[in-house]
């Protein structure tokens with residue numbers, strides 16, 4: 001799939017742009033053979049942008065790049081991939097459906113809601129979503145300001161100043177699930193709809209009591225707040241959570257390891273799976289090549305260095321909790337490599 005290079009309304013992954021315009025030797029390609037491929041990610045401080053920027057770099061092989069000795073040492077010939085920041089998973093689905101991006105990282109619950117026309121997608125289902133791969137599990141963090149003691153989720157949130165992330169974020173959707181399970185809604189709080197980095201700053205300044213944020217563990221801003229003694233985590237567990245997980249099978253139990261944030265004990269929580277989605281309009285050949293390059297040793301090494309959760313992006317996890325069908329081109333790759341489960345579709 002090709003798209004003209006225009007000035008994006010969101011920032012781009014610098015690594016991919018550097019690759020695109022600093023090549024040293026031509027392989028006989030010209031501008032007419034260049035394909036631009038945009039990846040919708042998340043905020044600049046989150047795992048999505050870190051992983052997306054690294055992935056864009058690995059996928060890119062623009063005109064003028066040095067020749068490859070082996071196919072698994074390079075990206076897709078003629079491709080210039082870029083990572084674009086966004087408000088999050090809900091916004092990414094909209095951008096993917098409208099063609100603002102060619103692919104996007106989307107949480108499993110958001111993908112499910114989109115295909116069913118539920119939650120933020122009540123205006124109508126988004127039926128053309130297809131998966132390339134599942135990436136890794138993300139945990140919902142319930143972060144409390146230092147000194148705030150609570151014995152339950154409801155006690156921690158009721159009547160409090162709580163950041164729920166921006167409209168368009170996956171976190172806001174999961175926050176609403178959590179409020180529902182706790183017998184609350186947004187009217188029972190003093191809600192703030194701000195990005196995690198801003199929320200953590202407000203928490204440290206005493207202008208917030210709590211915040212919710214979903215992401216790959218560890219999340220650097222959360223780690224900084226906890227290490228500076230400005231915040232701590234509250235476990236997300238109990239009978240109400242058990243019922244929530246039964247109602248919504250795209251949610252899963254997770255454990256935030258004590259070592260991730262220097263805490264005394266592990267923190268039980270709930271989470272979702274980060275997934276790499278495209279439109280069904282993407283060509284089979286491009287989908288095949290995207291997954292082929294994704295699972296080369298070179299790319300997996302690059303992703304593992306981009307963020308701790310990047311090491312979880314492996315063929316073994318590629319089908320975990322997929323909420324939409326695989327793209328036919330991706331499915332062909334998995335079948336040819338003997339990786340596809342018998343029920344993969």
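Values quoted throughout were computed directly from the atomic coordinates according to the rules given, and no laboratory measurement underlies them. In this text the structure is predicted, and so the values were computed from the model without any measurement. Here the Cβ positions follow ideal geometry from the backbone for every residue, glycine too, while neighbour counts run over all protein chains shown.
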At a threshold of 8 angstrom on Cα-Cα distance, excluding pairs fewer than six apart, so keeping six or more, what relative contact order does the range 77-153 reach in percent? 17
Stretch gain in nm, segment residue 263-residue 284, where the contour uses 0.36 nm per residue and the Cα spacing is subtracted: 2.9 nm
Please work out the C-alpha center-to-center distance from the range 129-205 to the range 251-300 and express it in whole Å. 21
Gained length - residue 152 relative to residue 68, 0.36 nm times residue gap less alpha-carbon distance: 24.6 nm
Obtain the nm distance between the two label points defined at residue 246 and residue 223 by a simple spin-label model: each point lies 7 Å from its Cα along the Cα-to-C-beta direction. 3.8
Quick one: if you take sqrt(5λ) for each eigenvalue of the C-alpha gyration tensor of the range 138-272, what semi-axes come out, biggest first, whole angstrom? 20, 17, 14
Ranked packing of 140-151, 179-190, 237-248, most packed first, by mean Cβ within 10 Å: 140-151, 179-190, 237-248
Over what distance in Å are the Cα centres of the range 316-345 and the range 31-58 separated? 22
What number, in percent, do you get for the relative contact order of the chain if the mean sequence gap of Cα pairs under 8 Å and at least 6 apart is divided by its residue count? 21
What order do you get for 163-170, 122-129 when each peptide is scored by the mean count of other beta carbon atoms within 10 Å, highest first? 163-170, 122-129
The chain - mean residue ellipticity at 222 nm from DSSP helices (-39,500 (n - 2.57) per run, n ≥ 4, rounded to 500): -9500 deg cm²/dmol
Which option, [x] 53, 22, 17; [y] 58, 33, 21; [z] 36, 21, 18, is the value of semi-axes √(5λ) of the Cα gyration tensor in Å that was calculated from these coordinates? [z]
Only bridges with both residues in the chain count here: give the DSSP antiparallel percent, nearest 5. 65
